[in-house]
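Computed from the coordinates by the stated procedures, all read-outs in this text should not be read as laboratory data. What you are looking at is a predicted structure, and each value in this text was computed from that prediction instead of being measured. Every residue, glycine as well, gets a Cβ built from its backbone with ideal geometry; the counts of neighbours run over all protein chains shown.
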Amino acid sequence: MLRIAVPNKGALAEPAREILREAGYLTGAHVRDLVVTDEANGVEFFFLRPRDIAIYVGSGTLDLGITGLDMLLDSGAPAKEVMRLGFAPSTFRLAVPAGAATTVADLAGQRIATSYPGLLEEFLTRSEVTASVVRLDGAVENAVRLGVADAVADVVATGGTLRQAGLETIGEPLLVSEALLIRRAGVGQDGEVATFVRRIQGVMAARTYVMVDYDIAADLVAQACRITPGIESPTVSPLADPSWAAVRAMVSRDKVHAVMDELYELGARGIIVTDIHACRL
């Protein structure tokens, strides 16, 4: 049975549950569950602290897990990235009291508080800056106000919490992060793993594409198909009126309105867009 780690709290938790539900898992799970056994799909889910997931997977205790790129790199665990999941975007950034510094070089000899010491130490070494790393668990925004540190390095989604603490970010992000599916070393991508990955890929594709149906004059089908080439090729079907045809194709969700405009100008009518719940590409 496949053993998979799922975040039990934080920004990763609900989006992870949602993508698993859309993939056909966790249909009867509850928020407070610690372990869910899905006999029908041959999977056992363990709900763990997001920061611990890379450790469990990297040690070989669990086969797969959903965590953040920031947490994977900070852990130093030998887990491998399988795929990016497209949710929980964030950046790892340095922040200081307003006007206290403008570049990382200005922090030489300073104390920097963080809950991601691995990431910060690697960045400081790469930047050839010597500073003292103060390790804290959880929120670090008040470290400067409380006199524990001169600056902080933290994962930022919007930056609102840092601003409330009187801090401003400096320099470029140290890391751009998002949710990942990771695997333990030695786990191949076949059998149960391949099935799980295909399901997740199917959900992500369904979120990326929509289905577009429209009618078009038969002599314009070739031009219309160049506008909506689909994945492999669009589906073209004859209509009762032989001078017209029906076309169906998958179109990128973020481009669909421009595509509809172009089709209409070409002469397409009855243009319909529908969501895709799941698919396999």
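Quick look at the values:
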| read-out | value |
| --- | --- |
| Cβ-placed point charges (K, R +1; D, E -1), dipole of the chain about Cα centre in debye, nearest 20 | 460 |
| Over the chain: helical MRE at 222 nm, DSSP H runs n ≥ 4 each giving -39500 (n - 2.57), nearest 500 | -8000 deg cm²/dmol |
| Gyration tensor verdict on the range 90-176 (Cα atoms; rounded if a/c is under 1.5, prolate if a/b is larger than b/c, oblate otherwise) | rounded |
| Dipole magnitude (debye, nearest 20) for the range 90-176, charges at Cβ of Lys, Arg, Asp, Glu | 160 |
| Nearest-0.05 FRET efficiency for LYS9 and ARG248, computed from C-beta distance (R0 41 Å) | 0.45 |
| The chain - share of DSSP beta bridges that are antiparallel (%, nearest 5) | 75 |
| √(5λ) per eigenvalue of the Cα gyration tensor, the range 209-275, largest first, Å | 18, 12, 10 |
| Leading residue at positive end of dipole, the chain (Cβ point charges), from SER115, CYS225, GLY270 | SER115 |
| Beta bridges per DSSP with both ends in the range 90-176, % antiparallel, nearest 5 | 60 |
| Ellipsoid equivalent to the range 137-281 - semi-axes via the Cα gyration tensor, in Å | 49, 23, 11 |
| Full-extension gain in nm, GLU232 to GLN201, via 0.36 nm per residue minus C-alpha separation | 9.5 nm |
| Per DSSP, loop GluC sites (Glu not before Pro) in the range 232-267 with at most 13 further Cβ within 10 Å | GLU232 |
| Overall form of the range 1-63 per C-alpha gyration tensor (a/c, 1.5; a/b vs b/c) | oblate |
| Highest-MSF residue in the chain out of LEU266, LEU175, LEU64 [GNM, Cα springs under 10 Å] | LEU266 |
| Gained length - GLN223 relative to THR130, 0.36 nm times residue gap less alpha-carbon distance | 27.3 nm |
| Fraction in percent of alpha-carbon pairs per bin - 5 Å, the range 68-216 | 2, 9, 16, 17, 15, 10, 9, 8, 6, 4, 2, 1, 1, 0 |
| Alpha carbon Rg of the chain, scaled by the compact-globule rule 2.2 N^0.38 Å | 1.30 |
| Centroid-to-centroid separation of the range 108-134 and the range 209-235 [C-alpha atoms, Å] | 54 |
| GLU178-HIS257 FRET efficiency (beta carbon distance; Förster radius 22 Å; 0.05 resolution) | 0.30 |
| Qualifying trypsin sites (Lys or Arg not before Pro) for the range 7-76 [loop in DSSP, other Cβ within 10 Å: at most 14] | LYS9, ARG32 |
| Sequence-distant residues sharing a close amide H with VAL134 (under 5 Å, placed H) | ILE112, ALA113, THR114 |
